[in-house]
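The values are calculated or read from the model by the stated rules, or taken from the named source; none is laboratory data. Quick caveat, the model's predicted, so the values are computed rather than measured. With ideal geometry, Cβ positions are generated from the backbone for all residues, glycine too; neighbour counts draw on all protein chains shown.
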Amino acid sequence: MIDNQPSSLDFTGYTPTWCAGCGNWGIGKAVELALKKQQLSPDGVIMLFDIGCSGNMNDFINAYAMHTLHGRALATAVGVKIANHKLPVLVTGGDGALYGEGGNHFLHACRGNHDLTVIVHDNSVYGLTTGQVSPTASKGKKSKSTPSGIIERPVNPLLLALTQGATFVAQGFTAQLPQLAELITAGMQHKGLAIINVLQPCVTFNKENTYAYYIKNTYKLPEDHDKSNFAQALEQAQSVFAERFPLGILYETTRPTYQEELPQLENHSLVKRGQIKNVVELLQQFE
Amino acid sequence: MAAQQTGFLWKVGAPAGQGVMTTGLLFSKLCAQSGGQVFDYAEYPSLIQGGHNTYEVFCDATPVSNRQWQVDYLVCLDAITLEEHKHRLGENSIVLLDPAARDVPKDTEYTIIPLPIKELLAELKANSIMANMIALGASWALVGGRRELLIDLIADQFGRKGEEITATNQNCATRGYDAVIAQSPKKTAFPWKKSVEAPLVMGGNDAFSLGAAAADCRFYASYPMTPSSSVLATLAAWQKTTNMVVRHAEDEVGVISEALGASFAGVRSAVGTSGGGFALMTESLSYSGIAEIPIVVFVSQRPGPATGLPTWTEQADLLFACYAGHGEFPKIVLAPGDVNEMLELSKQAFDLADIYQTPVIVLSDKFLSESRMHLDRAAAEQVMSTKPNYGRTIHSPSELPYLRYKATKDGISERLIPGAAGTYYQANSYEHLENSHTTEDPEERTKQVEKRLQKQQTYLENHWQMPSIDGSFDEAKYVFVTWGSSKLVVEQARRLMTEPSAHIHFTHVYPMDREKISTLFAADRHYVLVENNATGQLGTLLRSEAGVDIKHTIHKYDGRAFYSEEIVAALEHYDR
């Protein structure tokens with residue numbers, strides 16, 4: 001399926017500018033591990049980076065990429081995948097981008113089951129703009145933009161993805177690198193929209209959701225968790241309301257992808273097919 | 001003002017939902033197939049049921065490019081049509097109305113021919129929607145059209161729906177036809193003849209759709225917004241033939257983001273919208289500018305601000321289009337004035353977007369998008385069969401390392417389609433180095449700004465087109481200056497005028513070559529701008545981009561398109 005050529009290109013780009021201890025380091029490494037494990041190379045994958053500390057990965061991982069506008073990485077990826085569905089397409093962005101600025105795109109990408117892998121760096125703050133609350137910040141969280149504490153309750157990314165139709169929903173933790181790399185690999189192997197919410201501390205601007213906080217409040221999905229069972233997935237996703245964060249694949253199901261439902265893409269990718277002939281015949285419709 | 005000798009304007013009015021668009025379209029087709037030159041325009045409020053819809057067809061033996069003010073035949077399918085439009089009736093006008101549906105006015109200047117629609121419907125046991133067909137037949141009889149053509153056209157139009165439906169429609173139409181013939185009205189002098197070749201009649205949105213298909217556009221995304229929505233419907237309906245992917249996305253921001261993604265991945269992409277949706281797209285337009293991703297944006301204007309008058313017309317987004325997007329980057333704005341220009345420039349827009357790797361905006365408006373007019377078949381076939389020019393689009397790197405944003409003399413760098421082996425790059429929304437990595441270095445920044453802006457200069461030298469000029473400046477009493485759909489209005493006005501005039505029509509409105517434009521303007525000539533807006537936006541653009549100041553502008557901003565008679569009348573004002 002994958003249009004990949006063997007090459008000597010390396011995924012490792014510039015040395016990241018992330019803060020020492022930032023959760024992005026782990027996510028960046030996990031992405032690279034997952035790509036290597038699937039024997040992909042930078043010329044055989046398209047990555048979309050949103051704006052924010054997470055999006056700055058554009059210069060740290062080498063690949064065909066778009067460093068899009070804030071909130072638009074997912075919508076842009078929808079177009080990329082339709083134009084060339086033979087290449088794997090990854091989306092990387094923060095919780096502000098995916099659940100806030102680009103929230104509408106998120107809902108509709110889930111409905112459409114576009115064949116994309118979406119990695120959400122969830123740290124509950126806006127790091128690059130120096131620490132305002134993000135959509136996943138806990139109620140009452142004080143920040144520069146919410147000095148008296150945020151009034152809204154947090155978005156529940158897992159429930160949101162599940163209820164809107166994502167066919168693969170998982171949660172990882174940046175400090176559990178091997179599992180995270182496996183989740184990303186599984187998400188990329190999945191046919192359809194894969195949402196991987198990754199819990200990551202912002203060591204500079206979030207003093208509450210620290211490594212210690214996540215180590216204490218995350219848990220492995222129970223052995224008997226049936227990822228094909230939607231009701232069980234919903235139940236696990238709700239534990240987030242009690243500040244308990246499940247790790248692993250909550251849900252995976254099979255539904256035709258958006259690309260599979262387009263007859264135009266049946267034989268060739270849109271970019272590879274030839275130009276249509278006899279276009280002049282369309283004039284007959286106006287006789 | 002010279003009187004129209006043979007031409008006539010036919011108009012039908014009915015409540016929304018009564019199928020008046022079909023009546024109008026079929027009447028227009030009958031005229032065109034019988035050798036008439038037609039120009040149609042439909043008006044409707046932003047309602048699905050209950051509003052007053054109208055369709056008018058101006059038909060003449062020689063080319064026409066606007067409707068005329070005087071209504072010669074008014075077909076009333078409701079009680080209010082006559083009241084709404086009687087101010088446009090003259091002493092030779094004929095009104096068709098059903099005496100059972102309303103009072104018949106007495107002692108009128110115009111002639112009333114009673115058409116017993118209700119009675120006929122009852123007799124034929126036909127659904128009330130069939131009033132349309134009775135009206136169509138009656139209208140066709142009124143203008144002296146051939147009965148057989150009416151029957152054939154209905155068979156052609158409804159054949160797919162089965163024999164029974166076709167027969168019912170034919171019966172209703174012929175009964176309407178006969179009902180008028182029985183009253184032996186005054187014969188119309190129109191020189192009907194059989195067309196040698198079926199004429200092509202369409203609106204601006206149709207021409208854009210044809211241009212996109214011919215240009216090898218493979219991805220079209222849109223969110224419905226009047227008056228651009230019919231492009232979405234047309235291209236979507238053609239998908240099986242064209243293999244284009246046509247997507248109705250969640251919102252306009254998603255629409256243009258998807259199109260930029262598809263374009264980056266290597267397929268020609270376009271989006272379509274009106275002013276409000278375009279406003280939402282402008283941030284992404286700026287991304288297209290810095291990341292040098294080709295994109296064609298079709299904007300069909302309607303009166304704003306905000307929701308404005310959704311189903312009416314205006315030319316008030318020219319400056320918005322020219323200056324849309326934050327930051328400084330090259331952009332090309334094209335403003336076709338009729339369907340021939342729309343087809344040609346739409347196709348050209350995709351070439352220019354690829355050649356200059358930057359956004360190209362094609363401006364229309366409701367009047368151009370939805371008016372139906374003749375398309376020159378030979379020219380259209382020529383345009384559609386010309387191979388696209390993909391510019392410096394490459395499928396494998398010509399040298400390594402591959403530099404996506406290499407600073408070249410003409411500002412254009414090779415654009416590699418992602419997936420090519422042995423390299424990679426990013427379409428970066430941040431300022432970047434030649435190799436596409438992010439930078440904040442002042443020298444690199446300056447280099448890239450200059451690289452991008454150089455493309456504008458290269459465009460002016462290689463692809464920009466001077467406005468078209470019709471008529472002689474030396475003989476002209478007035479020199480009209482137009483952009484977009486005002487071309488139609490002025491062309492028709494010049495047919496009505498007895499004084500000599502000339503016409504400068506801008507299509508490649510932005511950017512423009514200051515020096516070349518200034519040669520068209522001399523102090524001793526009387527220039528008149530015609531703009532369907534309140535502030536004279538081409539006038540503003542000419543002042544800022546070409547240093548040209550036009551004193552007189554004819555404006556209209558009530559949501560309605562100009563009648564060419566209004567232009568002629570406005571000139572009389574200058575003579576006083």
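Some observations on this one:
- Condition met for B:Lys118 (out of contact with any strand residue (DSSP E or B) (no Cβ under 6 Å at 6 or more places or on another chain), in a helix (DSSP H, G or I), surrounded by fewer than 23 Cβ atoms within 10 Å (Cβ to Cβ) and without any contact (Cβ under 8 Å) to a residue 24 or more places away in the chain): yes
- Single condition A:Gly93 does not satisfy, out of (1) touching a residue at least 12 places away in the same chain (Cβ under 8 Å); (2) within 8 Å of another protein chain (Cβ to nearest Cβ); (3) in contact with an Asp or Glu (Cβ under 9 Å, 6 or more places away or on another chain); (4) not charged (D, E, K, R): (2)
- Residue count for segment A:72-85 satisfying the condition of being within 8 Å of chain B (Cβ to nearest Cβ) and in a loop (DSSP other than H, G, I, E, B): 2.
- Cross-chain or 6+ apart pairs with Cβ under 7 Å, segment B:413-426 first and more than 7 Å from chain A (Cβ to nearest Cβ), then outside any loop (DSSP other than H, G, I, E, B) and surrounded by fewer than 19 Cβ atoms within 10 Å (Cβ to Cβ): B:Glu414/B:Ile394; B:Arg415/B:Thr393; B:Arg415/B:Ile394; B:Leu416/B:Ile394
- Flag for A:Trp18 being out of contact with any helix residue (DSSP H, G or I) (no Cβ under 8 Å at 6 or more places or on another chain), more than 13 Å from chain B (Cβ to nearest Cβ) and under 27 Å from A:Thr204 (Cβ atoms): no
- Among all residues of segment B:240-253, there is none that is more than 14 Å from chain A (Cβ to nearest Cβ) and either hydrophobic (A, V, I, L, M, F, W, C) or surrounded by 24 or more Cβ atoms within 10 Å (Cβ to Cβ) (or both).
- Extreme residue, farthest from B:Ser436 (Cα to Cα), among residues of segment B:283-309 that are within 11 Å of another protein chain (Cβ to nearest Cβ) and among the polar types (S, T, N, Q): B:Ser284
- When residues of segment B:409-419 are limited to those that are in contact with a Lys or Arg (Cβ under 9 Å, 6 or more places away or on another chain) and charged (D, E, K, R), the one surrounded by the fewest Cβ atoms within 10 Å (Cβ to Cβ): B:Asp410
- Only one of the listed residues (A:Glu235, A:Glu223) is surrounded by fewer than 16 Cβ atoms within 10 Å (Cβ to Cβ), out of contact with any Lys or Arg (no Cβ under 8 Å at 6 or more places or on another chain) and part of a helix (DSSP H, G or I). That residue is A:Glu235.
Results for (1) aliphatic (A, V, I, L, M); (2) in contact with a Phe, Trp or Tyr (Cβ under 8 Å, 6 or more places away or on another chain); (3) in contact (Cβ under 8 Å) with a residue 12 or more places away in the chain, shown as yes or no for each residue.
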position: A:Asn24; (1), (2), (3): no, yes, yes
position: A:Ile27; (1), (2), (3): yes, no, yes
position: A:Leu40; (1), (2), (3): yes, no, yes
position: A:Ser54; (1), (2), (3): no, no, yes
position: A:Asn62; (1), (2), (3): no, yes, yes
position: A:Gly71; (1), (2), (3): no, no, yes
position: A:Asn84; (1), (2), (3): no, no, yes
position: A:Leu107; (1), (2), (3): yes, no, yes
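- Selection status of A:Gln284, outside any loop (DSSP other than H, G, I, E, B) and free of Cβ contacts under 8 Å to residues at least 40 places away in the same chain: yes
- Of all residues in segment A:219-232, none satisfies being touching a residue at least 60 places away in the same chain (Cβ under 8 Å), away from chain B (no Cβ under 14 Å) and among the charged types (D, E, K, R).
- Tally of residues being more than 12 Å from B:Glu292 (Cα to Cα) and not basic (Lys, Arg) across segment B:409-429: 10
- Some residue of segment B:146-155 being surrounded by fewer than 16 Cβ atoms within 10 Å (Cβ to Cβ), under 29 Å from B:Glu381 (Cα atoms) and within 14 Å of chain A (Cβ to nearest Cβ): yes
- Evaluated against (1) surrounded by 16 or more Cβ atoms within 10 Å (Cβ to Cβ); (2) farther than 19 Å from B:Leu319 by Cβ; (3) of a type outside the set (Ser, Thr, Tyr), B:Ala546 falls short on exactly one condition, (2).
- Residue match in segment A:49-68 (condition: of a type in the set (Val, Ile, Thr), part of a loop (DSSP other than H, G, I, E, B) and in contact with a strand residue (DSSP E or B) (Cβ under 7 Å, 6 or more places away or on another chain)): yes
- One residue stands out among those in segment B:254-273 that are of a type in the set (S, T, N, Q) and facing chain A (nearest Cβ under 8 Å): the one that is surrounded by the fewest Cβ atoms within 10 Å (Cβ to Cβ), which is B:Ser263.
- Selection of segment B:143-161 for residues being over 25 Å from B:Gln183 (Cβ atoms) and modelled with pLDDT of 95 or more yields only B:Ala155.
Yes or no, residue by residue, for (1) charged (D, E, K, R); (2) surrounded by fewer than 24 Cβ atoms within 10 Å (Cβ to Cβ); (3) more than 14 Å from chain B (Cβ to nearest Cβ); (4) in contact with a Gly (Cβ under 6 Å, 6 or more places away or on another chain):
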| position | (1), (2), (3), (4) |
| --- | --- |
| A:Gly52 | no, no, no, yes |
| A:His70 | no, yes, no, no |
| A:Cys110 | no, yes, no, yes |
| A:Pro135 | no, yes, yes, yes |
| A:Ser148 | no, yes, yes, no |
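- For segment B:387-409, a residue qualifies if it is closer than 17 Å to B:Lys451 by Cβ, aliphatic (A, V, I, L, M) and out of contact with any helix residue (DSSP H, G or I) (no Cβ under 6 Å at 6 or more places or on another chain), and exactly one does: B:Leu403.
- Residues of segment A:72-105 that are out of contact with any strand residue (DSSP E or B) (no Cβ under 6 Å at 6 or more places or on another chain), buried (at least 24 other Cβ atoms within 10 Å of the Cβ) and under 20 Å from B:Glu283 (Cα atoms): A:Arg72, A:Ala75, A:Val78, A:Gly79, A:Gly93, A:Ala97, A:Tyr99, A:Gly102, A:His105.
- Inside segment B:336-372, residues that are aliphatic (A, V, I, L, M), under 19 Å from the mean Cα position of the chain (by Cα) and more than 11 Å from chain A (Cβ to nearest Cβ) make up a count of 8.
- Scanning segment B:378-408 for residues that are surrounded by 14 or more Cβ atoms within 10 Å (Cβ to Cβ) and among the hydroxyl-bearing types (Ser, Thr, Tyr) turns up B:Thr386, B:Tyr390, B:Thr393, B:Tyr402, B:Tyr405, B:Thr408.
- Checking each residue in segment A:194-205 for being in contact with a helix residue (DSSP H, G or I) (Cβ under 9 Å, 6 or more places away or on another chain), polar (S, T, N, Q) and part of a loop (DSSP other than H, G, I, E, B) picks out only A:Gln200.
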